Amino acid sequence: MDETPIGYVYVRVADEIEQEIRSGRLPHGTRLPNERDLGAQHGVAAGTARRAVRELRDRGLVVTLPNKGTFVTLPTDGR
């Protein structure tokens, strides 16, 4: 992960996951790992991963289904 002091870590994690989604490495319907595992993959705490997932939801890139998990959805902005 980039160690630059500019910006919030959760935004950088969300940006990394967004790149994976847009590149097709995480296609539509893919279930994201749980927050602890997602944090471990990106070298951050689970709480940071949770905020990153919230950011991705706000961007319209994932949807969280209660008792099911968080899944990649189609981007709504057409990018």
Degrees between helix 9-23 axis and first principal axis of the chain (Cα, 0 to 90, nearest 10): 40
Between helix 46-58 and the chain: long-axis angle, C-alpha atoms, 0 to 90°, nearest 10: 50
L26 accessible area, assembled protein chains, probe 1.4 Å, Å²: 30
Gaussian network model of the chain, springs between alpha carbon atoms under 10 Å - residue of A52, A40, A14 with greatest fluctuation: A40
Note, ³J(HN,Hα) from phi for segment 60-71, Karplus 6.51, -1.76, 1.60, rounded to Hz, x at Gly and Pro: x, 9, 9, 10, 10, 9, x, 6, 10, x, 10, 10
A40-E16 pseudo-label distance in nm [points 7 Å out on the Cα-to-Cβ vector]: 1.5
Given charges at Cβ of Lys, Arg, Asp, Glu: segment 1-70 dipole, positive-most of N67, Q41, G29: N67
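Just the C-alpha atoms of the chain: what Rg/Rh do they give, with Rh taken as the Kirkwood radius?
Answer for the chain: 0.95.
The values are calculated or read from the model by the stated rules, or taken from the named source; none is laboratory data. Computed from a predicted structure; not experimentally measured. Cβ coordinates were reconstructed from backbone atoms using ideal geometry, including for glycine residues, and neighbour counts include every protein chain displayed. With ligands, DNA and RNA removed, areas are computed over all heavy atoms of the protein, side chains included. Shrake-Rupley method; radii C 1.70, N 1.55, O 1.52, S 1.80 Å.
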